[in-house]
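Readers should treat all values here as calculations from the given coordinates under stated rules, not as data from a laboratory. Everything quoted here is computed from the prediction, not taken from an experiment. Reconstructed Cβ throughout: ideal geometry from the backbone, glycine too, with neighbour counts over all protein chains shown.
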Amino acid sequence: MKPLILLIFAIFLFACSDQVVEVQLNDLAKYNMKIIPEKPTSNDKIKLVVYDDCTYNKLSGVTQTGRNIDIEKRFNGMMKWPCVIQNDTIEIGKLTSGNYHVNYKLVDIANPPGITVQALSFELVVNK
């Protein structure tokens, strides 16, 4: 019975780790996020605000490859730190006009290579 439970748990973790939720920009509020400014132009410094985030979720990087922007935050679930709520502002920076694909990922690094706890993807339009 115990091996069966472990197998089910492993399948659940594997299934959760690769699921990316495609979100419309105007639906980010459902995931406690917001792009500032709401309608960015190439003159604006663009930011992603994550509301009600735990202070132990640390930004590990914002990388841009062409029109793809990857934002990753990490935490160690084995540490059992208390979740102190805060708003986190992640600077994406100035972008040239065009359409960008933004990928946000929250990873628990307790067990290498890590388990993706939340993965969102959305299109960001930057006007001139």
To the nearest 10 degrees, the tilt of helix 2-17 (Cα long axis) against the first principal axis of the alpha carbons of the chain is 0
Computed for the chain: size of charge dipole around the Cα centre, +1 on C-beta of each Lys and Arg, -1 on C-beta of each Asp and Glu, debye to nearest 20, value 180
Each label sits 7 Å from Cα toward the beta-carbon; between VAL20 and GLN86 the label points are separated, in nm, by 2.9
Using the Kirkwood radius over Cα pairs of the chain, the Stokes-Einstein translational diffusion coefficient at 10 °C and 1.306 mPa s, in µm²/s and rounded to a whole number, is 100
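Using the Cα gyration tensor of the range 42-98, with a ≥ b ≥ c the square roots of its eigenvalues, what is the shape: rounded (a/c below 1.5), prolate (a/b larger than b/c) or oblate (neither)?
Judged from the Cα gyration tensor, the range 42-98 comes out oblate (a/c at least 1.5, b/c at or above a/b).
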Computed from the beta carbon distance with a Förster radius of 25 Å, FRET efficiency for LYS94 and TYR51 to the nearest 0.05 stands at 0.60
Links exceeding 23 Å between C-alpha atoms in this model, out of LYS30/LYS128; LYS80/LYS105; LYS47/LYS80, come to LYS30/LYS128; LYS47/LYS80
Simple spin-label estimate for GLU38/ASN76, 7 Å along Cα→Cβ, in nm, reads 4.1
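Using 1/(1 + (r/R0)^6) with R0 = 22 angstrom and r between the beta carbons of ALA29 and ASN68, what's the FRET efficiency to the nearest 0.05?
Numbers: r = 23 Å, r/R0 = 1.05.
With R0 = 22 Å, the Cβ-Cβ based efficiency is 0.40.
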For the range 31-103, the dipole about the Cα centre with charges only on Cβ (Lys and Arg +1, Asp and Glu -1), to the nearest 20 debye, works out at 100
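Please state the shape class of the range 69-112: rounded when a/c is under 1.5, otherwise prolate if a/b exceeds b/c and oblate if not, all from the C-alpha gyration tensor. Could you put the intermediate results ahead of the total?
Values: a/c = 4.58, a/b = 2.02, b/c = 2.26.
It is oblate, given that a/c is not under 1.5 and a/b is not larger than b/c.
I want the antiparallel fraction of DSSP beta bridges within the chain, as a percent rounded to 5.
Working: 29 of 40 bridges.
If we restrict to bridges inside the chain, about 70 percent are antiparallel.
Let me know the charge dipole size of the range 16-63 about its Cα centre in debye, to the nearest 20, where only the beta-carbon of Lys, Arg (+1) and Asp, Glu (-1) is charged. Numbers along the way, then the final one.
On the way: 6 positive and 7 negative charges, 45 e Å.
The calculation lands at about 220 debye.
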